[in-house]
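One structure below.
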Amino acid sequence: MSASFASALNAARDAAAAQHYPQGALYVVATPIGNLADITLRALHVLQLADAIACEDTRHTQALLRAYGIDKTSAQLLAVHQHNEAEAALAVVQRLQQGQRIAYVSDAGTPGVSDPGARLVAAVQAAGLRTLPLPGASSITTALSVAGAVAHSTENGGFLFAGFLPVKHAERANAVQQLASEPRCVVLLEAPHRIGELAQALSVLGDRPVTLARELTKQFEEITTQRARDLTAWLEGSPQRSRGEFVVLLHPTAPTTDDSDSLRVLRLLLQELPLKTAVRLAAEVTGASRNSLYDTALAWKRGAPESGGE
């Protein structure tokens, strides 16, 4: 057993063993995207408990298990990857029908998002068997949490996950043009050998802020926000900057409302209605940010100088 994770395995048993883990079920387990310490206690327990582990790469998963001090034979590791997922899913279903507990892990992160796993889950569910999620690390949510790019209180809140864009130049350029009109935050993934080409394609977005997050949770983690037209220059600033897997976030576009019109409407409504009601109606009528209108209305009430008025 690995000395560094021996106490974690004991803690996993203490914390998770009392829960019910039904037989004949597929456990979809998130694994670290870089830092081995980002494993959950329940994941450690299930990986120990599982009769077999279906995985994207058996050699990678065997190394991961050994790092945690978990012993599984090669016969207990089942290769289920993008090239054989449909066929391999049938073998997994047969094992589940025999009452086995099977865990599924991708090479890193949460399976079935951009990694394999979705076809396997669909096949298991189609057979009338259970699938149980074990949440954990995800490069997507990790990058979003520190980009400051998603604000659910604004009209352009939420985000769109677009994953990897097409490899061919013309198809990638067309995809970028389509994303240019998407007002919400857009999440992309890219490999190190193609990040330069993606940066060039995104340059058409001009001043739109873009966050690059590479080597997340690893020793050389780097997160930066640049204007789209400056991405190529930033990458070329150091050879190190093009190394590692990338999460790329296009920040939301700025609202396109006419401030003078929205403030004019707000001013008229405030003459007849309570502040909150006036702000709500002004936002609905003009499409302006309710938070921005509320702040402006408060400033007017306090007698502060008006900004952006008529």
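Observations on the model:
- Convex hull volume of the Cα atoms of the stretch 110-235, normalised per residue: 147 Å³.
- Rounded to the nearest 20 debye, dipole of the stretch 1-78 from Cβ charges on Lys, Arg, Asp, Glu: 80
- Percent carbon-and-sulfur accessible area, the chain, ignoring ligands, DNA and RNA, probe 1.4 Å: 51
- Peptides ranked, highest mean first, by Cβ atoms within 10 Å: ranges 105-115, 288-298, 66-76: 105-115, 288-298, 66-76
- Nearest-0.05 FRET efficiency for ARG280 and LEU160, computed from C-beta distance (R0 22 Å): 0.25
- Cα-based Rg and Dmax for the stretch 11-78, where Dmax is the largest Cα-Cα distance (Å): 11.7, 31
- Normalised by the number of residues in the stretch 157-310, the mean separation of alpha-carbon contacts (under 8 Å, six or more apart) gives a relative contact order of 20 percent.
- Charge dipole (debye, nearest 20) of the stretch 224-292; +1 at Cβ of Lys and Arg, -1 at Cβ of Asp and Glu: 160
- Phi-based couplings in Hz for the stretch 117-134 (Karplus 6.51, -1.76, 1.60; Gly and Pro marked x): x, 5, 5, 4, 4, 4, 5, 5, 5, 5, 7, x, 9, 8, 10, 10, x, 10
- Size of electric dipole in the chain: Cβ of Lys, Arg +1 and of Asp, Glu -1, about Cα centre, debye, nearest 20: 540
- Residues whose amide H falls under 5 Å from that of LEU165, counting only those 5 or more places apart or on a different chain, are LEU189, with hydrogens built in the peptide plane.
- Calculated P(r) of the stretch 1-128 - Cα pairs past 24 Å, %: 22
- A crude spin-label estimate for the pair SER145 and ASN174, with each label 7 Å from Cα along the Cβ direction, gives 3.8 nm.
- Our analysis of the chain gives Rg over Rh at 1.09, with the two radii drawn from alpha carbon positions and Rh computed by the Kirkwood formula.
- The heavy atoms of LEU212 present about 10 square angstrom of accessible area, all protein chains included, probe 1.4 Å.
- Of all DSSP bridge pairs formed entirely within the stretch 1-134, close to 5 percent run antiparallel.
- With a cut-off of 20 Å on the backbone N, the residues of the stretch 125-165 near the modelled label site 7 Å out from ALA63 along Cα-Cβ are 137-139.
The values are calculated or read from the model by the stated rules, or taken from the named source; none is laboratory data. The structure presented is a predicted model; accordingly, all values stated were derived computationally and were not measured. Don't worry about glycine lacking a Cβ; one is built from the backbone with ideal geometry, like all the others, and counts go over all protein chains shown. Only protein heavy atoms, including side chains, enter the accessible area calculation; ligands, DNA and RNA are left aside. Shrake-Rupley method; radii C 1.70, N 1.55, O 1.52, S 1.80 Å.
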